[in-house]
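The values are calculated or read from the model by the stated rules, or taken from the named source; none is laboratory data. Not measured: the values here are computed from a predicted model. All Cβ positions, even for glycine, are placed from backbone atoms using ideal geometry, and neighbour counts span all protein chains on display.
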Amino acid sequence: MSGVPGDGATARELIAAVAPVFTELPGRAASTPGGPLGWSGYDDARARARKRTGETEAVVCGIGESGGTEAVLIAFEFGFLGGSIGEETGERIENAFITARDLSLPVVSLIASGGSRMQEGMYALTQLQRIARQMVRLRAAGLPHIAVLAGPVTGGGWATLGAGADVRVALPGAQIGFAGSRIRPPDADPAAYTAEGQLAVGQVDEIVSADEVGRAVARWLALLTRPATGPVPPPRALRAVPLPDTGWQAVQRARDAERPRAEAYVRAHFALRAPLASLDPGIACGFGQREGKSVAYVAQGGTATTPAGFRAATRLVLLADRLSIPVLTLVDTPGAANGAEAERDGVGAAIAEAITAVAGCRIPVTTLLVGEGGSGGAVALTSPGHTWVTPDSYYSVVAPELAVAILKRGPEAVRETAEQLRLRPQDLVELGIARGIVPI
């Protein structure tokens, strides 16, 4: 066995790729003749599946070690009736989650499932509720759940363990979607049901090659289970500039194309990073490691933040809060997107979700303003009382040009208005908005 899963990988091959050290949990084989519905021929189908795969059910569950982190593994055997979920499958998955809670371990689901098992009718479908209940309890215990989408991952396998996981990692070309290939509309775009298609719409966090999946899982486990303690110290400034003399000079410096962007701060601050999905190219979310401990981060890239960007940030903050991982937000935006498309996409509600997520955090959130701090787009990701600023940043209720329009002043009043807004780094410290100006 190579330990590298490919197309049609077995449950044991998936496990070996992720956790070379593995101890299987006990699980009984189905014993009810004909299953709960007495389905004719079902016993023969199960017997053939057992003979073909060497497994007694469609999942193999146990405790493994990946990159030095122990986790409970749930691995699907697609060769056993298409990895379908029936009553005994649900029981094994339920017991795996209970074991994870009892031992305070994360869960890794290695999924290759066609969904619910037809031969068990509604008994099969109710297993999704059984699984979902255990996923909720795992979340309440503050334990992470990582899904590896090996494919195919359709129906209930996708709608519970897959899409419901905290982090979703897929293999290239994997078939992923609620509708399986046999029940899609005849004119369906096949690209929509692939790992790449799900990545494009933000339902998959990253795609990794088969020979990298073990390292990817080890990286995610390390990042989600070893949190830093206390508030994150703000990064140091990446450019040495004197403090601005005027408000307008502060605005110009923050808009300077040569100014270090949030991505540069993230690269400099973290030795190891892993991304969460964001459909806004101006928002980067994920988890990073510094001095062996994990920090969650949201980084604005200097553009107007879209509703999708705020939703990605909200997901990150809520997940970090649940896992007790401190958060660093790097603020740099002229403001929230305010065009018709943004309004149709619910920009106001998206800002509300982000600002309440930050406000409601039980864990510390540290903010560093690294460029423009424009209006609601910036305040949504700013932590009150824990905000720091760089010398080449500004923070304002609204950009000076918009302020003069609101106040019905002429364009010649922009510089004067910038001064009145008291938006310079040193003004923000004096006003108590920021705790301090970070040094180089």
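For Gly114, work out the one condition from (1) on the phi > 0 side of the Ramachandran plot; (2) in contact (Cβ under 8 Å) with a residue 60 or more places away in the chain it doesn't fulfil. Single failed check for Gly114: (1).
Within the range 102-117, identify whether any single residue is assigned by TED's automatic domain parsing to the domain that holds Phe178, in a helix (DSSP H, G or I) and farther than 26 Å from Leu323 by Cα, and answer yes or no. No, every residue in the range 102-117 fails to be assigned by TED's automatic domain parsing to the domain that holds Phe178, in a helix (DSSP H, G or I) and farther than 26 Å from Leu323 by Cα. Checked against the criteria, Gly202 does not count as closer than 24 Å to Arg139 by Cα, touching a residue at least 12 places away in the same chain (Cβ under 8 Å) and exposed (fewer than 14 other Cβ atoms within 10 Å of the Cβ).
For the range 259-317, enumerate the residues that are surrounded by fewer than 19 Cβ atoms within 10 Å (Cβ to Cβ) and under 11 Å from the mean Cα position of the chain (by Cα). Passing the criteria: only Pro275.
A quick yes/no check of all residues on (1) in a loop (DSSP other than H, G, I, E, B); (2) of a type in the set (Ser, Thr, Tyr); (3) closer than 23 Å to Leu110 by Cβ; (4) in the same structural domain as Asp280 (by TED's automatic domain parsing):
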| position | (1), (2), (3), (4) |
| --- | --- |
| Gly180 | yes, no, yes, no |
| Ile183 | yes, no, no, no |
| Asp187 | yes, no, no, no |
| Gly197 | no, no, yes, no |
| Ala240 | yes, no, no, no |
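Looking for something more than 18 Å from Thr246 (Cα to Cα), of a type outside the set (Ser, Thr, Tyr) and surrounded by 15 or more Cβ atoms within 10 Å (Cβ to Cβ) - is there at least one such residue anywhere in the range 386-401? Among the residues of the range 386-401, at least one is more than 18 Å from Thr246 (Cα to Cα), of a type outside the set (Ser, Thr, Tyr) and surrounded by 15 or more Cβ atoms within 10 Å (Cβ to Cβ), which makes the answer yes.
Conditions tested, residue by residue: (1) touching an Asp or Glu at 6+ places or on another chain (Cβ under 8 Å); (2) polar (S, T, N, Q).
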{"position": "Arg130", "(1), (2)": "yes, no"}
{"position": "Gln134", "(1), (2)": "yes, yes"}
{"position": "Thr154", "(1), (2)": "no, yes"}
{"position": "Ala174", "(1), (2)": "no, no"}
{"position": "Ser181", "(1), (2)": "no, yes"}
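Figure legend. Inter-residue proximity from the range 129-152: first residues at positive phi, second residues part of a strand (DSSP E or B) and surrounded by 24 or more Cβ atoms within 10 Å (Cβ to Cβ), beta-carbon distance below 9 Å, spacing 6+ or different chains. Indicated pairs: Gly151/Ile111; Gly151/Ala112; Gly151/Ala170; Gly151/Ile176.
Please work out if Ala340 is exposed (fewer than 15 other Cβ atoms within 10 Å of the Cβ), under 24 Å from the mean Cα position of the chain (by Cα) and more than 30 Å from Lys293 (Cα to Cα). So Ala340 fails the test. When you scan the range 69-80, do you find a residue that is modelled with pLDDT of 95 or more, touching a strand residue (DSSP E or B) at 6+ places or on another chain (Cβ under 6 Å), in the same structural domain as Leu221 (by TED's automatic domain parsing) and over 24 Å from Val208 (Cβ atoms), even just one? No, the conditions are met nowhere in the range 69-80.
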